[in-house]
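Student: Below are the structure tokens for one structure; questions will follow.
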Amino acid sequence: MRFEYAALQPGESQTLTFALDDRSFAVWHDGGWQIPAGRYEILVGASSADIRLRGALDVDGVSLTAPAWQHGSWYETLQGLPTDAEFAALYGGPVQNDPPLKKGSFTMEDSIMEMKDLSPIMMQMFKGTESTIAKGFGGKADYSDPAFKMMVMSGTDAPLRAAVLSSSGAFPANLAEGMLAMANGHPLKGVKKLLKK
């Protein structure tokens, strides 16, 4: 994907030009970058859902065959979601899954989103974040709105450590550590951390 940016006033127009070189069509295959031969569709649009211009380009290259495991998989059909088995075949090894979270073993590497169903304090934090964000969307928590959903996920699905670092002081470390202690079943320890300056 290539992008060009221009700031225009209403009614203005501007022509943007950029080149599509060999690297624009290359894929990683068998240990190196190769260009599959074929006809490529070039799309120009305001977004991926608003295509304004289409064109086709024939590109010289090599004939690449898809691996046998790919036939009929998500990576060929793009239907539904890829399975763990399909991803393992692509990755070339087993899929590693994190062990399930348990109350008492939460760390600063876990997120509010991950802990909310196992901890009332984290559920309250999630609901508070959701409510605060909803104020900017007419007071309604509307997960069908991509912008609202993205903001909630950004605010609740980062590790607590990262949330503290990116909050510019709005979410201090002692608050995060206090909530974490409470979520792990240590309310007195959590209160002490909350009161810590």
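The values are calculated or read from the model by the stated rules, or taken from the named source; none is laboratory data. Keep in mind that what you see is a predicted model, and the values were worked out from it rather than measured. Here the Cβ positions follow ideal geometry from the backbone for every residue, glycine too, while neighbour counts run over all protein chains shown.
Student: When the residues of the stretch 81-105 are filtered to those that are over 22 Å from the mean Cα position of the chain (by Cα) and closer than 30 Å to residue 181 by Cα, which remaining residue is surrounded by the most Cβ atoms within 10 Å (Cβ to Cβ)?
Tutor: Filtering first and then ranking leaves 103.
Student: Another one. Among the helices (runs of 4 or more DSSP H) lying completely within the stretch 110-191, list those that include at least 1 residues that are without any contact (Cβ under 8 Å) to a residue 24 or more places away in the chain and over 25 Å from residue 100 (Cα atoms).
Tutor: Qualifying helices (runs of 4 or more DSSP H): 120-134, 146-156, 160-166, 173-183.
Student: Only one of these is modelled with pLDDT under 95, exposed (fewer than 10 other Cβ atoms within 10 Å of the Cβ) and of a type outside the set (S, T, N, Q): 78, 57, 20. Name it.
Tutor: One residue alone meets the criteria, 78.
Student: With (1) under 19 Å from residue 189 (Cα atoms); (2) out of contact with any strand residue (DSSP E or B) (no Cβ under 9 Å at 6 or more places or on another chain) as the list, and residue 110 as the residue in question, which single condition is left unmet?
Tutor: With respect to (1) under 19 Å from residue 189 (Cα atoms); (2) out of contact with any strand residue (DSSP E or B) (no Cβ under 9 Å at 6 or more places or on another chain), residue 110 is out only on (2).
Student: Being out of contact with any helix residue (DSSP H, G or I) (no Cβ under 9 Å at 6 or more places or on another chain) and either closer than 19 Å to residue 157 by Cβ or among the polar types (S, T, N, Q) (or both) is the filter here; which residues of the stretch 70-101 pass it?
Tutor: Selection gives 77, 79, 96, 98, 99, 100.
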